Amino acid sequence: MMPPHAPPTGISGSGDRRAAASLRLAILTRRRDFLRASTAARVAKPGFILQARRRDPDEAEGVRVGFTCSKKVGNAVARNRAKRRLREVARLGLPGAGVDGFDYVLIGRRTATADLPFGTLQADFGKALAQIHKPRE
């Protein structure tokens, strides 16, 4: 008996998919980066708070993002769910709207981050980015 053949567009196929590495964002992990972002510009939306800080020219290039949810958001399951949703919002929104040389921190809010429809979170994230990068008058 012969094994079935793999379809021509299988895992090793040469489709037009982007490499997984190109979809990854640089993640903030150091406490000092979160503390620096906490003193910068911020925008509050119903599902999250966005903080954005322009890095110094001597720091690394590119867009970096961090995520945080306090115990006020809920137990570990609720916090992890909220952070997963925030990570996905950032993954989809930052490559097109993020500005090079900025650190972004998304802070989850109690019940709202996990309960709002995902489309609403995405729309709010786009509005928050536009508001952060709006030229000051």
> Restricting to the stretch 111-137, what's the tally of residues that are in a loop (DSSP other than H, G, I, E, B) and surrounded by 15 or more Cβ atoms within 10 Å (Cβ to Cβ)?
Replying inline: 1
> When only residues in the stretch 15-36 that are at pLDDT 50 or above, among the basic types (Lys, Arg) and loosely packed, with under 13 Cβ neighbours inside 10 Å count, which is nearest to Gly62 (Cα to Cα)?
Replying inline: Arg24
> How about the stretch 60-69: which of its residues are surrounded by 13 or more Cβ atoms within 10 Å (Cβ to Cβ) and either charged (D, E, K, R) or more than 18 Å from the chain's Cα centre (by Cα) (or both)?
Replying inline: Arg64
>> Quick check on the stretch 70-86. Is at least one of its residues touching an Asp or Glu at 6+ places or on another chain (Cβ under 8 Å), over 19 Å from Lys134 (Cβ atoms), at pLDDT below 95 and loosely packed, with under 14 Cβ neighbours inside 10 Å?
In response: no
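The values are calculated or read from the model by the stated rules, or taken from the named source; none is laboratory data. On a predicted model such as this, the values are computed, not experimentally measured, just so you know. Note that each Cβ is placed from the backbone with ideal geometry, even for glycine, and that neighbours are counted across all protein chains shown.
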